[in-house]
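Reading through the structure tokens given below for one structure.
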Amino acid sequence: MASASISGLGSGLDTASIVDQFMQLEAAPQSRLKSRVASEKSVVSLLQALNTKVAALATRAADMAKPGGFTAVTATSSDTKVAVTATSAAGPGGFSVRVDQTAASHRLELASAVGLTTSGTVPTALRLDRLDGSAPVDITSDGTLAGIVNAINDPASATGLRATAVKVGTDQYRLVVESATTGAAGDFTLTAADGSDLLGGATVRAGRDAKVTIGDTVVATSATNTFADLVPGVSITLAADAMAGTTSQVAMTRDPATASAALKGLVDAVNSALADIDTQTRTGTGTKGPLAGDSTLLSVRGQLLSSVFADSGGSLADLGLQTDRYGKLVLDEATFKKAYAADPAAVQARLTAPGTGFVSRVGEVAKAASDRVDGTLTTAITGRNDAISRLDDGIEAWDLRLELRRTALTRQFTALETALNQMNSQSSWLAGQLSSLTTSGS
């Protein structure tokens, strides 16, 4: 606790300001610690940003190194009514697709037309049977057509149906109800609760699965118009208005442009990480980087750059991949596309072979640097955070030390002011006594 101050009481000096100036000198070591903490935190932020970028690089490389992760296949269809998509699992090839039928939802068109809000025109209790073996569902309404539509469409009812009132005359509406999904499994009946016909019975369009024939005899079905993985990695989707009996040709071809773009993306990601490392570790004339000469970053840089070379020292220049005189990776896309078109399997093997392929080596280096537990960058960040914690402890210790020092100085100056005040009082008393003696002598 600081002592009470009587600044200038006896000396006339601003002793409080003097104490503050002394404390500024005393706090110089703590100020240096605070400055160092700020600098260390700035460096940690830089390392964390770089670690995030290198971790993303590791993920990208790992995805490309997976089986099929680098194989680029483009799928096309000769008929716009038959859309085709391909994933990395697709291989080159082709097949014909004949549309036998598209998928449809089960639909009821009720015969009788009634008023939309007229009470008593429809039963207040309905029964839905989905015909899939599940228990029937009872639906209640207010006895109007609008009430039935609302009850069927209410999400809380979980009917799996869509109901619509279609106007066919002056205040005359017919009810149309269909399953929310397509496919033969969506069949249902909708009747009054006692099993009697609802609104004069219904015209029924039965739900059906989509069906296609691959080649001449292979038949495939789907509850929707999409056939997922009809062949490995290839899915087709029929347009709702695709005509039955039409045949389209689906082709899957290797795509050098897509493969080149994927490799170019990885090269650009590597160069981005290298550029960040160069900025942070810059030495020589001019402004130095905040991590100038840092051995950890320089090691990561060297390993990333050397990943373009196999363990045997072989080069990938014939694939268009090499380093330039500025210490960056370059990819000649024209050379790569030519090599890929000539022998895609061999090119993929050279790039993704475990331990020796460029993609695999980049992934290994990036993972070793950014691993959450023992990555070199992660370890560097942890070490600096530990150092910051120790510095913060030192700053706290200085807070206590400075508080004690301020208390001591305040007490010293207070004692000085008190002593000077007493001396001034005594001097004034003596001066008064001498003055009275002189007057008496006269």
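Listed here are the residues, each with its yes/no results for (1) aliphatic (A, V, I, L, M); (2) touching a His at 6+ places or on another chain (Cβ under 6 Å); (3) modelled with pLDDT of 95 or more.
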| site | (1), (2), (3) |
| --- | --- |
| Ser134 | no, no, no |
| Thr140 | no, no, no |
| Pro155 | no, no, no |
| Tyr173 | no, no, yes |
| Thr191 | no, no, no |
| Leu198 | yes, no, no |
| Thr213 | no, no, yes |
| Phe227 | no, no, yes |
| Val231 | yes, no, no |
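For region 193-211, which positions are more than 30 Å from Thr226 (Cα to Cα) and either in contact with a Lys or Arg (Cβ under 6 Å, 6 or more places away or on another chain) or assigned to a strand (DSSP E or B) (or both)?
Of the residues in region 193-211, the ones more than 30 Å from Thr226 (Cα to Cα) are 193-201.
Hit for region 193-211 is Ala193, nothing else.
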Given (1) within 28 Å of Ser42 (Cα to Cα); (2) within 28 Å of the chain's Cα centre (by Cα); (3) part of a helix (DSSP H, G or I), number of the condition Arg361 does not satisfy: (1)
Selection count, region 288-325, where residues are of a type in the set (Gly, Ala, Ser), open to solvent by less than 30 Å² (accessible area, probe 1.4 Å) and either at positive phi or modelled with pLDDT of 90 or more (or both): 1
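Within region 45-52, can one find any residue that is of a type in the set (A, V, I, L, M, F, W, C), outside any helix (DSSP H, G or I), open to solvent by less than 30 Å² (accessible area, probe 1.4 Å) and farther than 18 Å from Ala262 by Cα? First the steps, then the outcome.
So the first thing to find is which residues in region 45-52 are of a type in the set (A, V, I, L, M, F, W, C), and the list is 46-47, 49-50.
Within this subset, residues satisfying the condition of being outside any helix (DSSP H, G or I) are none.
Looking for residues that are of a type in the set (A, V, I, L, M, F, W, C), outside any helix (DSSP H, G or I), open to solvent by less than 30 Å² (accessible area, probe 1.4 Å) and farther than 18 Å from Ala262 by Cα, one finds none in region 45-52, hence no.
Out of everything in region 96-120 that is touching a helix residue (DSSP H, G or I) at 6+ places or on another chain (Cβ under 8 Å) and under 16 Å from Leu190 (Cβ atoms), what residue ends up being surrounded by the most Cβ atoms within 10 Å (Cβ to Cβ)?
Looking only at region 96-120, we keep the residues that are touching a helix residue (DSSP H, G or I) at 6+ places or on another chain (Cβ under 8 Å), and these are 105-106, 114-118.
Keeping just the survivors that are under 16 Å from Leu190 (Cβ atoms) gives 105-106, 114.
Numbers: Ser105: 18, His106: 24, Val114: 20.
Going through the qualifying residues, I end up with His106.
Give Asp278, Asp318 a once-over and let me know the one that is of a type in the set (D, E, K, R) and under 23 Å from Ala366 (Cβ atoms).
Details: Asp318 fails: under 23 Å from Ala366 (Cβ atoms).
Result of the check over Asp278, Asp318: Asp278.
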Subset of region 212-224 that is assigned to a loop (DSSP other than H, G, I, E, B) and of a type in the set (Ser, Thr, Tyr) - its residue that is surrounded by the most Cβ atoms within 10 Å (Cβ to Cβ): Thr224
Enumeration of residues in region 326-347 that are outside any strand (DSSP E or B), within 23 Å of Val54 (Cα to Cα) and either open to solvent by less than 40 Å² (accessible area, probe 1.4 Å) or in contact with a Gly (Cβ under 6 Å, 6 or more places away or on another chain) (or both): Gly327
For Ala369: the one exception among (1) of a type in the set (Gly, Ala, Ser); (2) more than 30 Å from Ala72 (Cα to Cα); (3) at pLDDT 90 or above: (2)
Members of region 6-61 found to be modelled with pLDDT of 85 or more, over 35 Å from the mean Cα position of the chain (by Cα) and charged (D, E, K, R), listed by number: Arg32
Test: Ala251 is touching a strand residue (DSSP E or B) at 6+ places or on another chain (Cβ under 8 Å), open to solvent by 30 Å² or more (accessible area, probe 1.4 Å), assigned to a strand (DSSP E or B) and without any contact (Cβ under 8 Å) to a residue 24 or more places away in the chain: no
In region 73-105, the residues that are part of a strand (DSSP E or B) and of a type in the set (Asp, Glu): Asp100
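Does region 385-406 hold any residues that are among the polar types (S, T, N, Q) and free of Cβ contacts under 8 Å to residues at least 12 places away in the same chain, and which are they? Give the derivation first.
We begin by selecting, within region 385-406, every residue among the polar types (S, T, N, Q); these are 385, 389.
The answer is Ser389, and nothing else.
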Residue that is farthest from Arg107 (Cα to Cα) [pool: residues in region 150-160 that are open to solvent by less than 20 Å² (accessible area, probe 1.4 Å) and among the aliphatic types (A, V, I, L, M)]: Ala151
In region 225-247, the residues that are polar (S, T, N, Q) and part of a strand (DSSP E or B): Thr226, Ser235, Thr237, Thr247
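The values are calculated or read from the model by the stated rules, or taken from the named source; none is laboratory data. What you are looking at is a predicted structure, and each value in this text was computed from that prediction instead of being measured. Ideal geometry is used to build each Cβ from the backbone, glycine not excepted, and the neighbour counts take in all protein chains shown. Only protein heavy atoms, including side chains, enter the accessible area calculation; ligands, DNA and RNA are left aside. Shrake-Rupley method; radii C 1.70, N 1.55, O 1.52, S 1.80 Å.
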